[in-house]
Amino acid sequence: SQTIHQWPATLVQPVGSPLSLECTVEGTSNPNLYWYRQAAGRGLQLLFYSVGIGQISSEVPQNLSASRPQDRQFILSSKKLLLSDSGFYLCAGSRDRGRTEAFFGQGTRLTVV
Amino acid sequence: GENVEQHPSTLSVQEGDSAVIKCTYSDSASNYFPWYKQELGKRPQLIIDIRSNVGEKKDQRIAVTLNKTAKHFSLHITETQPEDSAVYFCAASKGYGNKLVFGAGTILRVKS
């Protein structure tokens, strides 16, 4: 079965520091991969999605970037964190290029101080 | 692009009553509609999904209905229990090679 590994679970970073969150997928090939941010415990804001290696679609202008160096690896990055980057970040994947449901990683709670 | 609207934003029901959450989507090409449940501090988990070739799907106390003409779909929970309290998200996708777009979520509180 498909599994999404995401780490770390919690992270406290100072303003202006860099960020790298990694997500890996097991149990499937050719997945669509997603990064979502959830602020204030509510809506899932789609930040980036990828249908294949090196293919990244950015949904909202922001201080973040994403990369997909391997089919099963999706990385969320920032060169300089802002206070507004705090939130709950969720990586998700769906096999068969998005033909089926998305499975979520455990999430990373990022606090920028 | 696809836009998914979800209502209500919060819903309180008495234990044993039914709960209904509704979503509308904008892109008529969307053909896959999953529903997720997210408990506090945890990841969203799929609870039921429906594809556009089906009008209704049921799994024990949970059912989903789809009206393609009106472009809306609904989640129905019968005989609600306190453990049903969570945030529920609907989503829509055009399937292969396309992104999954979520609604804003509904906070369901089941009062005992």
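Only the coordinates and a few stated rules stand behind these numbers; no lab work does. None of these values were measured; they are calculated from a predicted model. Glycine gets a Cβ as well: all are built from the backbone with ideal geometry, and neighbour counts include every protein chain shown.
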- Percent of C-alpha pairs per 10 Å bin, chain B, short to long: 15, 49, 29, 6, 0
- Expected sort for B:70-79, A:51-60, A:26-35 on mean C-beta neighbours within 10 Å, highest first, is A:26-35, B:70-79, A:51-60
- Message: In the protein assembly as shown, if the dipole is taken from +1 on Lys/Arg beta carbons and -1 on Asp/Glu beta carbons about the Cα centre, which of B:26, A:48, B:36 is farthest to the positive end?
- Response: A:48
- For the range A:34-83, build the convex hull from the C-alpha positions and give me its volume per residue in Å³. 84 Å³
- Item | Percent of beta bridges antiparallel (DSSP, the protein assembly as shown, rounded to nearest 5) | 90 percent
- Message: Give me the inter-chain shielding for B:102-109: mean count of other chain Cβ atoms within 10 Å, whole number please.
- Response: 3
- Message: Report, in listed order, any pair from A:79/B:99; B:58/B:111; A:79/B:42; B:22/B:68; B:57/B:111; B:68/B:99 with a Cα-Cα distance greater than 22 Å.
- Response: A:79/B:99; B:58/B:111; A:79/B:42; B:57/B:111
- Task: Mind checking A:50-58 for the average number of partner chain beta-carbons within 10 Å of each residue's beta-carbon?
- Result: 1
- Task: Please give the direction-averaged projected area of the C-alpha convex hull for the protein assembly as shown, in square nanometres with one decimal.
- Result: 12.0 nm²
